[in-house]
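The values are calculated or read from the model by the stated rules, or taken from the named source; none is laboratory data. Keep in mind that this is a model prediction, so the values were computed, not measured. Every residue, glycine as well, gets a Cβ built from its backbone with ideal geometry; the counts of neighbours run over all protein chains shown.
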């Protein structure tokens, strides 16, 4: 009897605390949360579980539990560190170029001139193109036999014969980074433009009265006020660059040699070609940890108040 009374009192208190709207919201959101748990949370947890096994589909009956051995093996694997170095180079080239070009585009679009709306629409076109279509387009542009890049440079007498652009190990990463930057600049420019629009015009007027030059206004007003926008751009574009896969798969497949063998490609090869799901999952989590660490760094440095 006492337990029944306690149960009824608890139920009554919960009903009093959460009204009809709250209970209805829970009822309608429950199926969505169940689907998200099934397709998002469970795979994440299961892949982390797999990273503690030596799971290779070529040996389905031999999958021992090895704790952190997959992680320790990766840290002593030369090809893993080669892929990390390639990823770092690609990320530095891409994110630096995106930040600079997007800033210039945002400053341009922040000015009043005839045709600004048309230019804004044109600039958004690369961002609207799907990643695979973007990769296929740049594969045609870089093609050694009939590519648009070779054709344009040959017609302008910059080269005397068609070049195998993606066959040169020194040019491969910058060329792939160029295709990535072309795709990502529009979104970064829009994010920075939003930060520019939020700067009060009174600050610039006061600076002009004090005799500040254009460069001084840019350094002391514009850039500090754009820190939140830069933080978003750096976090998002760094995450995209570190885990980018489409361009490497379609343009080079990690080649020539190991010139474009980045970490995302290494994870794909280890998991789906070598069928080593344990070490592939371990690499994926190391990549996730690196992404979180960089995001935290950008938030700590760019997120500080002025």
In the range 229-248, anything farther than 16 Å from residue 194 by Cα and either outside any helix (DSSP H, G or I) or under 10 Å from the mean Cα position of the chain (by Cα) (or both) is listed as 235, 237, 238, 239, 240, 241, 242, 243, 244, 245
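Yes/no per residue for (1) surrounded by 15 or more Cβ atoms within 10 Å (Cβ to Cβ); (2) more than 30 Å from residue 63 (Cβ to Cβ):
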site	(1), (2)
246	yes, yes
263	yes, no
269	yes, no
272	no, no
290	yes, no
Scan 254, 278 and give me the residue that is touching a strand residue (DSSP E or B) at 6+ places or on another chain (Cβ under 6 Å) and either part of a helix (DSSP H, G or I) or farther than 15 Å from residue 74 by Cα (or both).
-> 278
Counting only residues in the range 89-131 that are modelled with pLDDT of 90 or more and outside any helix (DSSP H, G or I), the one surrounded by the fewest Cβ atoms within 10 Å (Cβ to Cβ) is identified as 130
Do the conditions hold for residue 58, that is, is it touching a residue at least 24 places away in the same chain (Cβ under 8 Å) and either surrounded by 12 or more Cβ atoms within 10 Å (Cβ to Cβ) or assigned by TED's automatic domain parsing to the domain that holds residue 126 (or both)?
-> no
Test residue 254 against the criterion of being more than 28 Å from residue 136 (Cα to Cα), touching a helix residue (DSSP H, G or I) at 6+ places or on another chain (Cβ under 6 Å) and surrounded by 18 or more Cβ atoms within 10 Å (Cβ to Cβ), and give yes or no.
-> no
Which one of the conditions (1) in the same structural domain as residue 197 (by TED's automatic domain parsing); (2) under 28 Å from the mean Cα position of the chain (by Cα) does residue 113 fail to meet, given that it meets all the rest?
-> (2)
